[in-house]
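The values are calculated or read from the model by the stated rules, or taken from the named source; none is laboratory data. Keep in mind the model is a prediction, meaning the values are calculated, not measured. Neighbour counts run over all protein chains shown; Cβ positions are idealised from the backbone, glycine included. Keep in mind that these areas ignore ligands, DNA and RNA; they rest on the heavy atoms of the full protein, side chains included. Shrake-Rupley method; radii C 1.70, N 1.55, O 1.52, S 1.80 Å.
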Amino acid sequence: MRVDVGDIELYVHERGDGSPIVALHGGPGLDGSVWFPALDALAEDGFRILAVDHRGNGRSDAGDPALWTVARMADDVEALIQGLGLEDPVLIGWSFGSFVAQSHMARHGTSAAYVLMGTVAEPAALHGVYDRLAAFQPEHLRAQVTESWERESSVQTPEESKQLLADQMPFHVADPEGPLVRWLVENDRVVYRPDVLRHFATGGEYGLVDHREALRSFSRPVLVLSGAHDRTTPPESAQELVDALPTAEHLVIEGAAHMIPYEQPEAFLTALRSFLARI
C-alpha cells in the first residue's frame, strides 16, 4: 500500500493483522522486502507487519533530494504512524534503518518500544569498516568486498547496485563462503535506488548522528540485537549505545554477523517474541 506523509507517498509492504510492527530497512538504496520472509512468522503470530520503503528508496516517491536525511525519514515514520492511526506500534530498524529508528526515538519517541538491529552508537564506528575490510578473511574475497564498498558513492544503475550488494554479501555474514551467501543473492527481490545510496555513502557516515546525550533519559523499552561477528556495525559500539539508554537491553547473537534474521532465524524470532511479550 501507499501512505501519504505530506510531501510524498511511501510504499509499505504489509503482512498480517493485529498489533503493529513498523520495520525499517537497511541500505540505503534497498527496500522493505528485505524483511521477508524473516518476519512472516510474526505475521502468523498475530502481528501486523508494516515494512516501509524510506523516501527515495524502493517503490516510495523520491521527493526533493535535499530532504533525503535520516531526520526527515524519522519524521516520515511518525507521519505514517499518525496517518494510519497505529496504536502502540513497535518500531524495528535494521542497519541504516536503525539510524532512522534512533532519530525517531530522539525526535518523537512515540512508539511503544524499539528494536535496533545491526546498530552503532556513533559515526566513528562506521569509519572503522575499512580497517575491518583490510583484515577480512578469506583473503581471496578481500578485494571483491573492498571494491564493492568503494563503488557505493559512484554506483549509477539498479543493476550495478544489485551486483554491488552481491559482491559485498560475504562481508555481511559470519561464514563468507557458506551457502547462505548464495541464497541471499538468489532470493534478492529489492527494487534498487542507486541515487539515494550515492547520496548517503559519500563521507561514510550514512546520515548517522550520535544521539546518546539526547536519549539518556529515554523511557521506552529498547532491545538491541547484534551479531557476534558483525564487521559492519560491531557489537562493541552497540553496547556503548546501550550503556547510554536506561531501558535498553543488548543481546549478542552467536553465529551471526550483519544478517541476523537469516543467519540465526530461530534466535532472532525467539528474541523478538520474548521482547514483544514483555512490553
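Each Lys and Arg adds +1 at its Cβ and each Asp and Glu adds -1 at its Cβ; summed about the Cα centre, the chain shows a dipole of about 220 debye.
Shown in residue order for the range 206-222 are the 3J(HN,Hα) couplings computed by the Karplus curve 6.51 cos²θ - 1.76 cosθ + 1.60 at θ = phi - 60°: 6, x, 5, 10, 6, 9, 4, 5, 5, 9, 5, 10, 5, 10, 7, x, 9 Hz (x for Gly and Pro). Distance from the C-alpha centroid of the range 27-92 to that of the range 135-149: 31 Å, rounded to the whole angstrom. Hydrophobic long helices, here whole DSSP H runs in the chain with Kyte-Doolittle means of at least -1.0 and Cα atoms spread over 18 Å or more along the helix axis, are found at 70-84, 158-172, 265-278. Relative contact order of the chain, taken over Cα pairs closer than 8 Å and 6 or more residues apart, is 20 percent.
Rounded to the nearest 20, the size of the Cβ-charge dipole of the range 1-88 about its Cα centre is 220 debye, with Lys and Arg at +1 and Asp and Glu at -1. Annotation: residue 180 carries an accessible surface of approximately 40 Å², with a 1.4 Å probe and no ligand, DNA or RNA atoms counted. Across the accessible surface of the range 139-276, with the other protein chains kept in place and a 1.4 Å probe, carbon and sulfur atoms take up 50 percent.
The order of 182, 216 by accessible area, most exposed first and with a 1.4 Å probe, is 182, 216.
Express the carbon and sulfur contribution to the solvent-accessible surface of the range 22-137 as a percent, rounded to the nearest whole number, probe 1.4 angstrom.
50
Using 1/(1 + (r/R0)^6) with R0 = 35 angstrom and r between the beta carbons of residue 84 and residue 130, what's the FRET efficiency to the nearest 0.05? FRET efficiency, residue 84 to residue 130: 0.30. Within the shell of other residues whose beta carbon sits under 15 angstrom from the beta carbon of residue 243, the net charge comes to -4, with Lys and Arg scored +1 and Asp and Glu -1. Result for the chain in a Gaussian network model with C-alpha springs under 10 Å: among 19, 98, 33, the largest mean-square fluctuation is at 19. A full extension of the chain between residue 66 and residue 217 corresponds to an added length of 51.2 nm, given 0.36 nm per residue minus the alpha carbon distance. The label-point distance for residue 108 and residue 175, in a model that sets each label 7 Å from Cα toward Cβ, rounds to 3.9 nm. Among the protein heavy atoms, those of residue 75 account for about 40 Å² of accessible surface (1.4 Å probe, every chain in place). A convex hull fitted around the alpha carbon atoms of the range 116-173 yields 99 Å³ per residue. Per residue, the chain exposes 40 Å² of accessible surface when a 1.4 Å probe is rolled over the protein heavy atoms with every protein chain present. Between the C-alpha center of the range 230-279 and that of the range 93-125 there is a gap of 13 Å. For the chain, the 222 nm mean residue ellipticity estimated from helices alone, with every DSSP H stretch of n ≥ 4 adding -39500 (n - 2.57) and the total spread over all residues, rounds to -11500 deg cm²/dmol.
Our analysis of the range 87-233 gives Rg over Rh at 0.99, with the two radii drawn from alpha carbon positions and Rh computed by the Kirkwood formula.
The listed residues 240, 78, 150 rank as 150, 240, 78 when sorted by accessible area, largest first, using a 1.4 Å probe. Relative contact order for the range 1-132: 26 percent, from Cα pairs under 8 Å spaced at least 6 residues apart, divided by residue count.
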